[in-house]
Amino acid sequence: MKTRNIIIIFLALVSSVTTLALLQASSPQRKHVIKKQAFGTVPEGPVDFYIMTNSRGMDVRAMNYGGIIVSLRVPDKKGVLADVVLGFDALDGYLNNKPYFGAIIGRYANRIANGKFTLNGVECRLARNHGMNSLHGGLRGFDKVLWHCEQFENNQGISVVFTYTSKDGEEGYPGNLKTKVTYTLMEQNELQIEYEATTDKVTSVNLTNHSYFNLKGEGNGDILKHELMLNADRFTPVDSTLIPTGELRSVAGTPIDFNKPTAIGARIDANNEQLAIAHGYDHNFVLDRKGTGLELAGRVDEPQSGRVLEVYTTEPGVQLYTGNFLDGTITGKHGHVYNKHAAFCLETQHFPDSPNHPNFPSTILKPGQTYHSRTVYKFSTE
Ligand code: GLA
């Protein structure tokens with residue numbers, strides 16, 4: 001009896017060890033990793049950044065302060081990695097991050113005219129932090145708060161999940177807004193950003209990420225020779241304070257038409273009222289959409305390095321901003337001075353000032369509904 005039991009246990013052990021070995025042999029080698037590192041502290045708590053690396057060597061660093069993408073390194077056509085986003089070496093720089101480098105923007109991306117709008121007959125008053133207008137969520141928007149962070153891994157890639165509950169009345173916006181932003185680094189050199197939010201009072205939400213890209217590498221001159229294609233036949237022209245007039249205007253025959261790939265700088269100084277107002281491009285493009293899923297919004301190609309960025313989104317608009325307010329007064333990473341046009345932004349979004357324009361796609365979120373949007377930044381070379 002005893003010997004038989006020993007044999008049975010032995011056979012069972014042999015078979016489970018074999019199963020384990022087979023499982024290991026059949027599962028793909030996992031080379032992607034997430035590491036966490038301390039970056040400093042703010043009054044609300046410790047600031048950490050999370051480094052996500054995929055098996056191709058692309059890495060993304062994002063921190064819990066502002067959900068800021070601190071660095072994003074992608075290969076060029078020879079396989080050489082460069083950090084393609086503007087930013088700072090230390091936390092201090094980010095605490096005074098006037099251009100919003102890499103940050104999550106909320107509750108409302110871009111501007112709201114005169115810092116006010118009316119919902120259900122109730123007027124909401126916001127801080128006027130850009131002339132008369134409210135910009136990027138107000139005085140202390142989502143770019144300046146400490147987010148809770150968790151990390152996880154699934155078969156798509158590796159993710160960091162940032163959550164933050166914005167209290168009812170914060171920055172003048174109604175409702176307790178539970179917000180979740182997930183950054184996923186995929187094996188195909190794609191960074192996916194997924195935004196979700198729920199509220200307990202009717203409110204307005206428009207979330208984006210404000211990364212400043214230079215595909216030659218941050219600090220490596222301007223982006224004027226980057227070739228840009230935008231999948232948009234129309235844009236929302238602005239008044240002298242960069243508030244949309246409400247019109248959806250055709251880009252045809254103007255320097256604002258990027259339907260065919262064109263160098264960003266080719267027409268940036270053209271005699272055009274809209275370019276003059278913004279000192280370059282700072283406009284919301286109305287994307288030509290077929291449905292509600294992820295669709296290509298734009299493509300940027302940097303001829304020297306061969307790096308290509310494609311932006312896919314579920315959003316109806318994208319803000320093309322060519323770093324017009326950068327003026328050489330900011331010293332960023334590695335002592336690099338960021339001059340005008342040192343980067344471009346493609347901020348996927350609902351249109352600016354939508355709460356004051358009933359003809360724009362709605363940004364209203366009601367209790368019981370879930371705000372959901374998704375953007376993918378896909379990097380490749382050619
Ligand atoms: C957005 C705006 C710009 C500017 C930048 C931040 O892109 O449209 O006008 O405010 O953010 O400097």
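The values are calculated or read from the model by the stated rules, or taken from the named source; none is laboratory data. Since the structure is predicted, the reported quantities are computational estimates derived from the model, not experimental observations. Cβ sites come from the backbone with ideal geometry, for glycine too, and all protein chains shown count toward neighbours. Ligands, DNA and RNA are stripped out before the accessible areas are found, and what is left, the full protein with its side chains, is counted by its heavy atoms. Shrake-Rupley method; radii C 1.70, N 1.55, O 1.52, S 1.80 Å.
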TODO: Considering every residue within the range 132-139, establish whether at least one is part of a loop (DSSP other than H, G, I, E, B), without any contact (Cβ under 8 Å) to a residue 60 or more places away in the chain and surrounded by 23 or more Cβ atoms within 10 Å (Cβ to Cβ).
DONE: yes
TODO: Might you let me know whether the range 345-364 holds any residue that is open to solvent by less than 10 Å² (accessible area, probe 1.4 Å), aliphatic (A, V, I, L, M) and within 16 Å of the ligand (Cβ to nearest atom)?
DONE: yes
Open item on the list: Just to be sure I understand, how many residues within the range 119-128 are more than 14 Å from residue 170 (Cβ to Cβ) and either within 14 Å of the ligand (Cβ to nearest atom) or assigned to a strand (DSSP E or B) (or both)?
Closed with: 4
- [ ] State the number of residues belonging to the range 255-276 that are outside any loop (DSSP other than H, G, I, E, B) and within 21 Å of residue 212 (Cα to Cα).
- [x] 3
Task: Odd one out for residue 291 among (1) within 16 Å of the ligand (Cβ to nearest atom); (2) part of a loop (DSSP other than H, G, I, E, B) - done: (1)
- [ ] Check off (1) open to solvent by 10 Å² or more (accessible area, probe 1.4 Å); (2) within 13 Å of the ligand (Cβ to nearest atom) for residue 303 and give me the number that stays unchecked.
- [x] (2)
Task: Every pair of residues 6+ apart whose Cβ atoms lie under 7 Å, when the first sits in the range 144-172 and is on the phi < 0 side of the Ramachandran plot while the second is among the charged types (D, E, K, R) - done: 146/44; 161/150; 161/180; 163/180; 165/178; 166/107; 168/201
Task: Test: residue 95 is under 17 Å from residue 48 (Cα atoms) and more than 14 Å from the ligand (Cβ to nearest atom) - done: yes
Open item on the list: Quick check on the range 205-227. Is at least one of its residues on the phi > 0 side of the Ramachandran plot and open to solvent by 10 Å² or more (accessible area, probe 1.4 Å)?
Closed with: yes
Task: Pairs, first within 13 Å of the ligand (Cβ to nearest atom) in the range 258-282, second open to solvent by 40 Å² or more (accessible area, probe 1.4 Å), C-beta under 6 Å, six or more apart - done: 277/240
- [ ] Just name the residue that is nearest to the ligand (Cβ to nearest atom) out of those in the range 308-325 that are within 18 Å of residue 190 (Cβ to Cβ) and open to solvent by less than 10 Å² (accessible area, probe 1.4 Å).
- [x] 318
